[in-house]
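The values are calculated or read from the model by the stated rules, or taken from the named source; none is laboratory data. Please read all numbers here as calculations on a predicted model, not as lab measurements. Cβ placement follows ideal geometry from the backbone for every residue including glycine, while neighbour counts extend to all protein chains displayed. Surface accessibility is based on the protein's heavy atoms, side chains included, excluding ligands, DNA and RNA. Shrake-Rupley method; radii C 1.70, N 1.55, O 1.52, S 1.80 Å.
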Amino acid sequence: MNIATYPFDTLMDITARPPVVFVRGEGSFLWDDSGKRYLDFVQGWAVNCLGHSPPEIVEALTEQAKLLLTPSPAFYNAPSLKLAKALVDRSCFDQVFFTNSGAEANEGAIKLARKYGALHRNGAHEIITFEGSFHGRTLATMSASGKKAFEPLFEPKVPGFPKARLNDLASVKRLINDNTIGVMLEPIQGEAGVWPATDQFLRDLRALTKEHGLLLIFDEIQTGMGRTGKLFHYEHAGIEPDIMTLGKGIGGGVPLAALLATDAASCFEHGDQGGTFNGNPLMCAAGLAVLERVAAPEFLKSAADSGLFLAGELQRISARHGLGEARGRGLLLALDLKHPIGASIVAQALADGVLLNSPQPDALRFMPALNVTREEITEMIEGLDAILTKMGAARRVA
C-alpha cells in the first residue's frame, strides 16, 4: 500500500487508524485490499447487526434505489411510514421521528424534553444524565455525556446536564429540582467499558421519575435492535420510558436513527424539528428490512443464546488467564483485563486478522453481528487466548 494509491492525508486526522483499507465484507468477515481476511467482532461499533452486506439490506437498497431516493422531508414517503408503524407496533411508543445518526436522535430527544418543559413545567430544562455516559458528538450531546475526555473540549458547553452515578438512585434524587424535566441514560454504558444499569435500578428510576412528573429517556443507540437479546433493552426491566432513541443497528450499516416518544411526550410543533435527509425512503427501506429480520422471536432467541455462549467463553478465558469479569448482556459484552493492555491486544489481534475494540485501557468490548455463529465465536476466542498466552509469558520473562 502506498500513499499515491491511497492519499490518507486528504482525510481529516481525527483518530488513529491502522494503515489498512477494507474493500469487501460478508457476514462476520472483512477483506482488505491485499486480500487478507479479518474476523470482525466490532461490526462498526454494533452497527452491522446482520453482519457485512447482508442480502436483505442489499436487496432493499437496490429495489428502493430504482424507485425513489428522496422526495424531500416536506412530503410523505412509503418506507418511512411503514417503518414508523412497525416500530410503534413493536414498542411502547406512539410517534417516530427519523434521523441520520444516533447523536442527531439524542439531540432531538433533548430538544423534545426541553420543549415539554417549556409547555408543561414552567420552563424546566435540566436533564439529569450520568457519569461515564456517552450520547454523541454534537455540542449538546457531548455536554450531556459524562465522558471525562469531553470536559475540556469546545467550551463553553451547553448547560443543563447535571451528572448522577449509575445504579445510585440517591445520587439522582439529590439532583432533582424545579428546573429538572427528565432523566436520560444508556441502559448499558458502552464507551465507559460496558457497565450495565441493573434492572432494579431502572425500575426504581421509572418510579422516581413518575413520582416527580419527569420524562424518562432511554438512549438505546447501542442496546436497541436486539443487541441485548430483546428488541429493546427496556423490556428486560419491564418498564416503559417516555422517550427512546435508536441508531447503529436500526440501519444495519446505513445512516439511520430514530427518536421515539409516547403521545404524551410528543410535543413538537411545526418548524421545531427537521432535517434534509431525515426519513428518506432509501434508508428507511433498509431499516424496515433490518427490523423484519431482527424482531422475529426465533432470531432474538438465537442472538440471546449466542450472547450466553460468548459470555461463557469469555469467563473461561478470564479464569485461565487470571482476568476479571465478563459483563454486559446479550451480544454487548466486555472482558475486564485488570491491566491497561487493551490497546496491545487490539493491535496484535488486528495483525492476526481479528478486529476487537478496547473502549477503556483495561477492557475489551465485543459487538459481533447478531447472527454470529458459534464457530466464529470459537475462532475469536482461540485467537484471543493465544494473544493472552503470549502476553502472560512475556510478563513472566520480564
- Item | Criterion: in contact with a Pro (Cβ under 9 Å, 6 or more places away or on another chain) and among the small types (Gly, Ala, Ser) - qualifying residue of 286, 319, 311 | 286
- Query: If we keep just the residues of the stretch 1-26 that are in contact with an Asp or Glu (Cβ under 8 Å, 6 or more places away or on another chain) and part of a strand (DSSP E or B), which is farthest from residue 379 (Cα to Cα)?
  - Reply: 23
- Note on the structure: residue 147: passes all of (1) of a type outside the set (S, T, N, Q); (2) closer than 27 Å to residue 204 by Cβ; (3) at pLDDT 95 or above but (3)
- Task: Can you confirm whether the stretch 117-127 contains a residue that is over 15 Å from residue 244 (Cα atoms) and touching a Ser or Thr at 6+ places or on another chain (Cβ under 7 Å)?
- Result: yes
- With (1) out of contact with any helix residue (DSSP H, G or I) (no Cβ under 8 Å at 6 or more places or on another chain); (2) farther than 27 Å from residue 364 by Cα; (3) in contact (Cβ under 8 Å) with a residue 60 or more places away in the chain; (4) open to solvent by less than 10 Å² (accessible area, probe 1.4 Å) as the list, and residue 171 as the residue in question, which single condition is left unmet? (3)
- For residue 63, indicate whether it is at pLDDT 95 or above, more than 25 Å from the chain's Cα centre (by Cα) and in a helix (DSSP H, G or I). yes
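Only one of 181, 176 is in a strand (DSSP E or B) and within 18 Å of residue 121 (Cα to Cα); which?
So the residue among 181, 176 that is in a strand (DSSP E or B) and within 18 Å of residue 121 (Cα to Cα) is 181.
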- Task: Hey, can you tell me all the residues within the stretch 24-80 that are of a type in the set (Asp, Glu), without any contact (Cβ under 8 Å) to a residue 60 or more places away in the chain and open to solvent by less than 30 Å² (accessible area, probe 1.4 Å)?
- Result: 32
- Matching residues, the stretch 102-136, being polar (S, T, N, Q), open to solvent by 10 Å² or more (accessible area, probe 1.4 Å) and within 25 Å of residue 300 (Cβ to Cβ): none
- Looking at the stretch 281-300, which of the residues that are over 20 Å from the mean Cα position of the chain (by Cα) and touching a residue at least 12 places away in the same chain (Cβ under 8 Å) is most open to solvent (accessible area, probe 1.4 Å)? 282
- Could you please find all residues in the stretch 284-300 being of a type outside the set (Gly, Ala, Ser), farther than 10 Å from residue 60 by Cβ and touching a Gly at 6+ places or on another chain (Cβ under 8 Å)? 294, 299, 300
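Quick grid of which residues meet (1) open to solvent by less than 10 Å² (accessible area, probe 1.4 Å); (2) under 22 Å from residue 363 (Cβ atoms); (3) not hydrophobic (A, V, I, L, M, F, W, C):
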position	(1), (2), (3)
158	no, no, no
161	no, no, no
190	yes, yes, yes
203	no, no, yes
209	yes, no, yes
228	yes, yes, yes
- Message: For the stretch 366-374, check the following and say yes or no: at least one residue is part of a strand (DSSP E or B), touching a Leu at 6+ places or on another chain (Cβ under 7 Å), touching a residue at least 60 places away in the same chain (Cβ under 8 Å) and under 23 Å from residue 22 (Cβ atoms).
- Response: yes
